[in-house]
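The values are calculated or read from the model by the stated rules, or taken from the named source; none is laboratory data. Remember, predicted model here, so these are calculated numbers, not experimental data. Quick reminder, even Gly has a Cβ in these numbers, built from the backbone with ideal geometry, and neighbours come from all protein chains shown.
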Amino acid sequence: MVHRNAPVMDKKDKKCDVKDCENEAVRSFSMSNVKDIFSNFKDGNVKHVNLCKEHYKVYHKKTKEDRKLDHLRWAH
Ligand SMILES: [Zn+2]
């Protein structure tokens, strides 16, 4: 059952799963939490996605925004 040619997940060297992002991942999230925020992932079929610092910030802002929509308007 061991697939020797399968890519090895090196925990020390996780990359961000957002498409076209090559940054080092800092946090991991379940796909259901992030799929509404980021529409493109390198692999859309995974249950957990890793986010880099930058994308985590975006995620954080977005979830905050959703929770407190009328508290703080996103200024353009
Ligand atoms: Zn990223």
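Here is how the numbers come out for the structure above:
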quantity: Residue that is farthest from the ligand (Cβ to nearest atom), among those in segment 45-68 that are polar (S, T, N, Q) and surrounded by 12 or more Cβ atoms within 10 Å (Cβ to Cβ); calculated: T63
quantity: Inter-residue pairs, beta-carbon under 7 Å, first acidic (D, E) and in segment 50-76, second modelled with pLDDT of 90 or more, 6+ apart; calculated: E54/N23
quantity: Segment 29-58, residues that are acidic (D, E), at pLDDT below 95 and closer than 15 Å to K14 by Cβ; calculated: D43
quantity: Verdict on V26 being modelled with pLDDT of 95 or more and within 16 Å of the ligand (Cβ to nearest atom); calculated: yes
